[in-house]
Amino acid sequence: MFELPILLQIGWTSLATSTYYVLFAVAFALTLKVAQVWNFVQAGVMGLAFYAMYAAMLKWGWPTAAGFTFGLAVAVAAAVASEVWGYRVLRRRRSPGLLLFIFAIVVAEFVAYLLSLLFGTEPQSLKKSLVSEVHLVGGVAITAWDLEALGITIAACAALAFYLRRTRQGQFMQAVADNGELAELYGISANRAYVIAMAIAAILVSIGIYLYGTRASMIPNAPLELILLAVIATILGGIGSLAGAAISAVFLSVLQSASILVIPSQWQSSLTYVVLFVVILFFPTGFRLPAWMAAKMRAR
């Protein structure tokens, strides 16, 4: 039997760690929902944001706020460019979905290769020291980073929910997501909605990669692995559901952290692929409650 303090610590740590997974997953789910693309370019955007922040903060000595803003600007510019000069061109040519998927993979791989040439393959972080102030609460170690990450992530998700539900442009985005051709008939620009979706996704992954980089080190290929969890969360949560993607990301983070109790460390890296296979085979349309349980919940 595992001791309760150990389980509580794993639970809290995995919840804190899930913050950047949630942001990555929501960003991926948003572009899939609105633009109807499996946006693996997001991995390249994540890498560009991280190394732009790294160069600004640690190489050039900029203040943290300025360095983050620079990385954010680079990420948004890259994401918008991929939409305007990539996806939009392919849509105009009526290219099959597979070609858009290949385009995204090639861009992500190229960015990882370019970053390796520019910055090397040694792990880098966004702080000279990753040590954070620790407080013990009921035997559970809670760091200042944990609280900051949770607060930032909740605020970012709340801001996105408000934007989509309460603003005119957010409602236009949802209309395009539901039926782009019908939205066009009502005078709503689908292309504009796609660009905004890509820009918002870039903002979310910039926040997420900042949180990641202030907690752990990263190499140029790391975003390609991180985005796999975003893909799994998007599928498991139900394609088109941003809340489902967020909840699934938390679940996957807990699963990944708790697995250390039963899986040897040398097998940890394979867990992501095992989960991906299971989700694709058994939950291709997302996890759904049994019919009787769903009916009971609706009755309440």
Dipole check, the chain, charges on Cβ (K,R +1; D,E -1), about Cα centroid: among 58, 208, 157 the Cα furthest to the positive pole belongs to 157
Within region 133-237, which GluC sites (Glu not before Pro) sit in a loop by DSSP and count at most 14 neighbouring Cβ atoms inside 10 Å?
133
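Write down, largest first, the equivalent ellipsoid semi-axes of region 1-123 in whole Å, where each equals the square root of 5 times an eigenvalue of the alpha-carbon gyration tensor.
Sorted largest first and rounded, they come to 30, 23, 14 Å.
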Scan the chain and report its longest stretch carrying no chymotrypsin sites (Phe, Trp or Tyr not before Pro) that are both in a DSSP loop and have at most 15 other Cβ atoms within 10 Å.
61-185
Treating every alpha carbon of the chain as one equal point scatterer without solvent, the Debye formula yields log10 I(q)/I(0) values at q = 0.09, 0.12 Å⁻¹ of -0.46, -0.83
Treat every Asp and Glu Cβ in region 4-299 as -1 and every Lys and Arg Cβ as +1, leave all other atoms uncharged, and give the resulting dipole magnitude about the Cα centre to the nearest 20 debye.
680 debye
Once the dipole of region 4-299 is set up with Lys and Arg at +1 and Asp and Glu at -1 on Cβ about the Cα centre, which of 250, 143, 35 lies farthest towards its positive end?
35
Which order do 57, 46 fall in if you start with the one that has the fewest other Cβ atoms within 10 Å?
57, 46
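Could you tell me what % of all Cα pairs in region 84-241 have separations over 19 Å?
Of the Cα pairs, 69 percent sit more than 19 Å apart.
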Do any trypsin sites (Lys or Arg not before Pro) in region 10-99 lie in a loop, going by DSSP, with at most 14 other beta-carbon atoms within 10 Å of their beta carbon, and if so which?
93, 94
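Every read-out reported here was derived from the displayed coordinates using simple, explicitly stated rules and does not represent laboratory data. Keep in mind that this is a model prediction, so the values were computed, not measured. With ideal geometry, Cβ positions are generated from the backbone for all residues, glycine too; neighbour counts draw on all protein chains shown.
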